[in-house]
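Let me begin by presenting the structure, written as C-alpha cells, before commenting on it.
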Amino acid sequence: MLTLVGLVLIAIAAPMLLPDPLAQPDILQGVNQPPGAKHWFGTDQLSRDVLSRVVTGARISLTIAFLAVAVSVTLGAMVGLVAGYWGGWVDAVLMRIVDGALAIPRLFVLLLVVAAWESLPLLVFILLLGTTGWFGTSRLIRGEVLRLKQEPYVRAAEALGAHRIRIVLRHLLPNTAGPLLVAATLGVGNVVLLEAGLSFLGVGVRPPTPTWGGMILDSQEILFVAPWTSIFPGLAIVITVLAVNLFGDALREAVDPRHA
Amino acid sequence: MTRWLIGRTAQAAITFLVAAVLMFFLMRLTPGDPLARLMGDRPMTSEEVATLRGLYGLDQPLPSQFTRFVAGLAQGDLGTSIEYRTPVTTLIRQRLPASLLLGGTVLLLNFTLGVWLGALQAVRLGKPLDRWLSTISLAGFAVPSFWLGLILAWLVGIKWQLLPALGMIDPLLPASAGLGARSLDIARHLILPAFTLSVVSIAATMRYQRTAMIDALREPYVRTARAKGLSERRVIWRHAWRTSLFPVITLFGLWLPIVVTGSVFVEHVFNWPGLGSLTAKAISGRDYPVIMGASLLAASLVVGGGWLTDVAYAALDPRTRRAQ
Amino acid sequence: MTAPVLEVRDLRIAFPTRTGDFARPVDGVSFILHRGETLALVGESGCGKTLTSLALLRLVPAPGRIEPGSRLDFEGRDIMGLDADELRAIRGKDIAMVFQDPMSSLNPVFTAGAQIIETIKAHESESTKAARDRALGLLREVGISDPELRIDQYPHEMSGGMRQRVMIAMALATEPGVLIADEPTTALDVTVQAQILEILDRLREIRGLAVLLITHDLGIVANRADRVAVMYAGRIVEEASTRTLFEAPSHPYTQGLLESVPRLTGPVQSLKPIPGTVPDPARWPAGCRFHPRCPKVMARCRAEDPSRLALADGHHMACWLAEETAR
Ligand SMILES: Nc1ncnc2c1ncn2[C@@H]1O[C@H](COP(=O)(O)OP(=O)(O)OP(=O)(O)O)[C@@H](O)[C@H]1O
Ligand SMILES: [Mg+2]
C-alpha cells in the first residue's frame, strides 16, 4: 500500500524531481556508465540517465495502465449490468460473445490488432488495451447482478415501479462497486505487464518515449556490458505489479470476507 | 451424461466459432494493409500487388473474404505465411514439438511442485512458511517473463557459463552423438526457459491449491477423519488433499494454452524453436497469417482445455459420475 | 449405576477474540458418564454442546484451546496429558463420535466401505479382506439392507438416514467404550430419527456402551436417556435423572425449555418459546448467565454467579432458587 502511494507520487512528481525528464544524453560522462554518484542507475548506450528514464517510464506506464483499466472496467460494468439485469436473449448473446473473446488470450487479441499499426498513437494503444480487457469483468459483474437481483430491496424497487435504468444505476451499480474495485486493481497490474510485454516486442509504445518494457528491449544488445540498463526497469515492473497485486488482495479480503 | 456431454461439446464448438469470427474481424477492421510490409521491403509493380492480393483474397469484399476464411478453417487451412511462403499449418506442425516439450515441462512442474507447495501452505496456514511462500509466489507473478529470461540468460548462461542460454540444441554437437547425449543436451537447454516460465506462472497453481485445501481442511469429514484416530498425515494427504484436488483439475485445463501463449516471451528470449518464438517473429514481420494461426491454436487450446476440464471433472468426481 | 468411564471436570475452552480478549463458549462444564448409560446433553443452539464433545477427543478447532485446569479422565487416564500418538490411539478406538450432519461428515470421494475399513485398519492389524467382512457385518448390524451393495457406494448415493447408519457403523467399528453422538438425528426426518435412535439404544444395551447423546430436542431425551444434563451459556445448569427432570424441572431455564417443547398431550397454546437469545460467549452476562432471560430473576442473580447445589441425590442445579428450596 505504501509502496503504491510512493510509486504514484514518484510518477507524478517526476518532472519536479528530475531536471531532465526526457533524459538528454550526458555526453561528458559517456555511454554505458555503471551506477555511480552522478547517475545512480547508470547510463545507457546513448548515455542517457537510467534513473530518469525509469522514473519517467513510471509516469507513462502507470498512466497507460490507469486509463486502460478505467476504460475496461467501465465497459465491463456496463455489459455485465445489462446482461445480468436484462437477461433473456440479450444476456445469452452477450455472454456467448464474451465466451468467445475470453477464449482468445488477451496477448493475442492485442497482437492481432496492434501489429496492424505502423506507428501506434499512445491514445489508440490505451484504448486498445482498455477494450480488450473487459470480458472477465463483465462476467464477474453479471454474476453479482444475478445475485443482487434476488435481493429484497431490488425486488421492492421493481414492485414500486422504478425505472429499469434507475434500478441499475441506483441499486445494482453501487453494490457491485466492491468487486469492481478489486477487478480494477488487479487489472492495473495486468496491464502494466502487458504493456511492458508489447513494448518489449516492439509493438507497444515506440521510442523515444521511455517505457519500462521498451527500455528492456533497448538494453537487450548491451545486456552484457551494461546490465543495469535492464535490471532497473525490470525491478520497477516487479515492484509496481507486486504492490498493486498485494493491494488488490487486501482489497478483496476487505470486500469479500469469504476470502479472508 | 451423454446429453450433458453433447451439450458441453456444442457449447465449446460455438465458443470457438465466436472466437474465430471475432479474430477475423479484429484483423480486417484495423487500419493498415496486411501487405504493407511486403511492399515496404521492395518496390512492387501494381500488377504484382494485384496478384498477391488475389492470392490472399484481399481483393474481394469482406463477406466473401469471410466465407473464404471459414471454408479454409473448416478444411484445416490457415493460409500461407507471408514471411516464410509456407502454409501456416506446416509451420505450426514443425514448431509444435518444441513448444509441447517446454509447455509440458512447465505444466508438470506447476502441477507437482505448485500443488505440493500450495497444499503445504494450507496446512501451515498463517505460519511464516505460508506467508513467505505467498509473497514469493506473488512476486513471481509480478515478474515480466522476458526480463527474468534475459537476466537468467545473462547470469547463468553467459556470465557463469553454467547452462546454454539459447536455442534447444547445441549446434556443435557432433552428428554421431547418441540418443543419451542428445537428450541431455536438450534437457540442459530446457532448464532455463522452463524455470523462467514456471516462476512466473506457478503462483496461480499454488494459490488455487492453497484455497482449495483450506476449504477442504475445514470440511466436517476432515474432523471425522481425525475423530476416527487416523494419523495426521493420512487426514491431510488422503482426506483433505484428495478432495481438494478436484478444483485444481480445473486449472489444468486453463493452463493448457500456456503451451503457446505463455511462452511467446520466453521462447523469444531464449530463442526456443517453438510456436512462441514463431509468433514473436511474426509480429515484427507483420506476418498476419502466422499470428492468426497461432491465435486460433491458442483459442482452440483454451476452449479444448475448458472442455477437457469439465469432462475430466465429471468423470473423476464420484458425485457427478454416478449422479448423472 | 456402574463405574464411571468418562469424567469431565471444569472444562473450559477459550477462543481469542479480535479485541485480544478471550471468549469462553465452554466455561466450567463438569459431568460423569457411566458404563452402559445414556447421558443426554441438552441446550439451545450455540450453548457449547459440540465444543464440549470435541474437547473430549481434544479436537477443539484452532485457534480455540482447552484451558489448563480442565480435567478429562477416560477410565482413569488423563486425556489432557496424552501425546499425539496416545490420543490417536484413543480416538475412534475407545471414544467414537457420530456427527450432526451425515452429508458432510462422510468424505464424498471415498466409498462407505473404504471409510469403515480405514477406521478398522487404523487401530488393528487386520487384513483388508477381514476388515471388509467386519464392515459388512457392521452395516448389517446398523440395519442397512443389502450391505454388499452399499459397502461400495459413495455417500451421495445414499439417503440421509443411511449415511447416518454408515457413520454409526464406522463409529462402532473398533468397539469403543464411549460413543458421542452429536445431534445424530437433527438432519433427518422424524421416522428415520426414531430408527436411528432405536439402533443406538440397542447397541448400547448389547455392547454395554456409554452414550453421550447431544441434542437440543427434549422430545428425544424423554425416551432414550437415563440422565440429562441441561446446558446453558457454556455451563451445565441442571443435571438429573430423566424422570426427575421431566417431573420436577427446577432450573427456570429447564422449565422454559420444557414449556417450549410441543407435546402430544396438552393444549397447543401452552407452547412458549423462551424470550431473548443466547448471549455472546465473548460477553457473558455478569452474575447468573440466564438472568437477562429468567422469569424468576432476583436481585442477587444479577450480581452473583450461583454455584452448583444438590437438590436431591443425583439432582444438581446452579441457581439461587436452589438455596430457597433447600431452606
Ligand atoms: N471455531 C470457532 N471459533 C470461534 N468461536 C467458536 C468456534 N466454534 C464455536 N464457537 C463458539 O462456540 C459457541 C458454541 O458452539 P457449539 O458448536 O459448541 O454450539 P452447539 O451447542 O453445538 O450449537 P448447535 O446446536 O448449533 O450445534 C458458538 O456460539 C460459537 O460462538
Ligand atoms: Mg453443535
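The values are calculated or read from the model by the stated rules, or taken from the named source; none is laboratory data. Only a predicted model underlies this, so the values are computations on that prediction, with no experimental measurement involved. For neighbour counting, all protein chains shown are included, and Cβ atoms are generated from backbone atoms with ideal geometry for every residue, glycine included. Protein only, heavy atoms only, side chains kept; ligands, DNA and RNA dropped before computing areas. Shrake-Rupley method; radii C 1.70, N 1.55, O 1.52, S 1.80 Å.
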State yes or no: is C:Ile13 touching a residue at least 40 places away in the same chain (Cβ under 8 Å) and open to solvent by 20 Å² or more (accessible area, probe 1.4 Å)? no
Residues C:Thr186, C:Thr191: which one is surrounded by fewer than 19 Cβ atoms within 10 Å (Cβ to Cβ), assigned to a loop (DSSP other than H, G, I, E, B) and in contact with a helix residue (DSSP H, G or I) (Cβ under 9 Å, 6 or more places away or on another chain)? C:Thr186
Whether any residue in region C:220-238 is open to solvent by 10 Å² or more (accessible area, probe 1.4 Å), within 16 Å of ligand 1 (Cβ to nearest atom) and within 14 Å of chain B (Cβ to nearest Cβ) is what I want to check. no
Scanning region C:239-259 for residues that are among the hydroxyl-bearing types (Ser, Thr, Tyr) and more than 24 Å from C:Leu56 (Cβ to Cβ), the one surrounded by the most Cβ atoms within 10 Å (Cβ to Cβ) turns out to be C:Ser250
Apart from one, (1) of a type in the set (S, T, N, Q); (2) over 30 Å from A:Leu148 (Cβ atoms); (3) open to solvent by 50 Å² or more (accessible area, probe 1.4 Å) all hold for A:Ser230; the odd one out is (3)
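Answer yes or no: is there a residue in region C:119-126 that is hydroxyl-bearing (Ser, Thr, Tyr), open to solvent by 10 Å² or more (accessible area, probe 1.4 Å) and under 30 Å from C:Ile79 (Cα atoms).
Among the residues of region C:119-126, at least one is hydroxyl-bearing (Ser, Thr, Tyr), open to solvent by 10 Å² or more (accessible area, probe 1.4 Å) and under 30 Å from C:Ile79 (Cα atoms), which makes the answer yes.
Given the options B:Arg95, B:Arg85, name the one that is open to solvent by 30 Å² or more (accessible area, probe 1.4 Å) and touching a helix residue (DSSP H, G or I) at 6+ places or on another chain (Cβ under 9 Å).
The conditions single out B:Arg95.
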Starting from region C:278-295, keep only residues that are on the phi > 0 side of the Ramachandran plot, then list their pairs with residues that are away from ligand 2 (no atom under 16 Å from the Cβ) and open to solvent by less than 40 Å² (accessible area, probe 1.4 Å) whose Cβ atoms are within a distance under 8 Å, requiring at least 6 positions of separation or different chains. C:Gly287/C:Cys301
For region C:169-217: of the residues being hydroxyl-bearing (Ser, Thr, Tyr) and away from ligand 1 (no atom under 16 Å from the Cβ), which is nearest to C:Arg35 (Cα to Cα)? C:Thr174
Of all residues in region B:202-231 being among the polar types (S, T, N, Q) and crowded, with 22+ Cβ neighbours inside 10 Å, which is nearest to the other protein chains (Cβ to nearest Cβ)? B:Thr224
Does C:Val211 meet the test of being under 16 Å from the mean Cα position of the chain (by Cα), surrounded by 21 or more Cβ atoms within 10 Å (Cβ to Cβ) and more than 14 Å from chain B (Cβ to nearest Cβ)? yes
Among the residues in region C:104-114, are any in a helix (DSSP H, G or I) and open to solvent by 10 Å² or more (accessible area, probe 1.4 Å)? yes
Can you find a residue that is surrounded by 22 or more Cβ atoms within 10 Å (Cβ to Cβ) and within 24 Å of A:Gly213 (Cβ to Cβ) anywhere in region A:137-145? yes
Report every pair of residues separated by at least 6 positions or lying on different chains whose Cβ atoms are under 6 Å apart, first residue within region C:233-247 and part of a strand (DSSP E or B), second within 16 Å of ligand 2 (Cβ to nearest atom). C:Ile236/C:Val29; C:Ile236/C:Ala229; C:Val237/C:Val230; C:Glu238/C:Val230; C:Glu239/C:Ala229
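Scan C:Val60, C:Val26, C:Val42 and give me the residue that is within 12 Å of ligand 1 (Cβ to nearest atom) and within 14 Å of chain B (Cβ to nearest Cβ).
Step by step, each of C:Val60, C:Val26, C:Val42 is checked, and only C:Val60 is within 12 Å of ligand 1 (Cβ to nearest atom) and within 14 Å of chain B (Cβ to nearest Cβ).
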Of all residues in region B:252-294 being surrounded by fewer than 22 Cβ atoms within 10 Å (Cβ to Cβ) and not in a helix (DSSP H, G or I), which is nearest to the other protein chains (Cβ to nearest Cβ)? B:Gly285
Search result, residues across region B:142-163 that are closer than 21 Å to B:Phe265 by Cβ and part of a loop (DSSP other than H, G, I, E, B): B:Val143, B:Pro144, B:Leu163
For region C:1-90, list the strands (runs of 3 or more DSSP E) that sit wholly inside it and hold at least 1 residues that are of a type in the set (Lys, Arg) and away from ligand 2 (no atom under 14 Å from the Cβ); which are they? C:4-16, C:22-34, C:71-74
Which pairs do you get when a residue that is within 16 Å of ligand 2 (Cβ to nearest atom), found in region C:183-198, comes within reach of a residue that is open to solvent by 20 Å² or more (accessible area, probe 1.4 Å), reach meaning Cβ atoms under 6 angstrom, with the pair 6+ apart or on two chains? C:Glu183/C:Gln100; C:Thr185/C:Gln193; C:Thr186/C:Gln100; C:Ala187/C:Asp101; C:Ala187/C:Gly160; C:Leu188/C:Gly160
Of A:Leu123, A:Leu110, A:Leu67, which residue is at the interface with another protein chain (Cβ under 10 Å from one of its Cβ atoms), assigned to a helix (DSSP H, G or I) and farther than 18 Å from A:Val145 by Cβ? A:Leu110
Hits in region C:91-117 (condition: more than 7 Å from chain B (Cβ to nearest Cβ) and farther than 18 Å from B:Arg218 by Cα): C:Asp94, C:Ile95, C:Ala96, C:Thr111, C:Ala112, C:Gly113, C:Ala114, C:Gln115, C:Ile116, C:Ile117
For region A:109-127, indicate whether the set of residues that are open to solvent by 10 Å² or more (accessible area, probe 1.4 Å), more than 24 Å from B:Val18 (Cα to Cα) and touching a helix residue (DSSP H, G or I) at 6+ places or on another chain (Cβ under 6 Å) is non-empty. yes
Taking the condition of being within 11 Å of chain B (Cβ to nearest Cβ), open to solvent by 10 Å² or more (accessible area, probe 1.4 Å), closer than 16 Å to A:Ala115 by Cβ and part of a loop (DSSP other than H, G, I, E, B), how many residues in region A:200-222 meet it? 2
From B:Leu301, B:Leu297, grab the single residue that is under 11 Å from the mean Cα position of the chain (by Cα), more than 17 Å from B:Leu107 (Cα to Cα) and part of a helix (DSSP H, G or I). B:Leu297
Does C:Arg71 count as more than 11 Å from ligand 1 (Cβ to nearest atom), open to solvent by 10 Å² or more (accessible area, probe 1.4 Å), farther than 29 Å from C:Ile144 by Cα and basic (Lys, Arg)? yes
Condition set touching a residue at least 40 places away in the same chain (Cβ under 8 Å), crowded, with 19+ Cβ neighbours inside 10 Å and not in a helix (DSSP H, G or I), scope region C:127-173, selection farthest from ligand 2 (Cβ to nearest atom): answer is C:Ile151
Of the residues B:Leu166, B:Leu108, only one is out of contact with any Asp or Glu (no Cβ under 7 Å at 6 or more places or on another chain), surrounded by fewer than 22 Cβ atoms within 10 Å (Cβ to Cβ) and not in a helix (DSSP H, G or I); which? B:Leu166
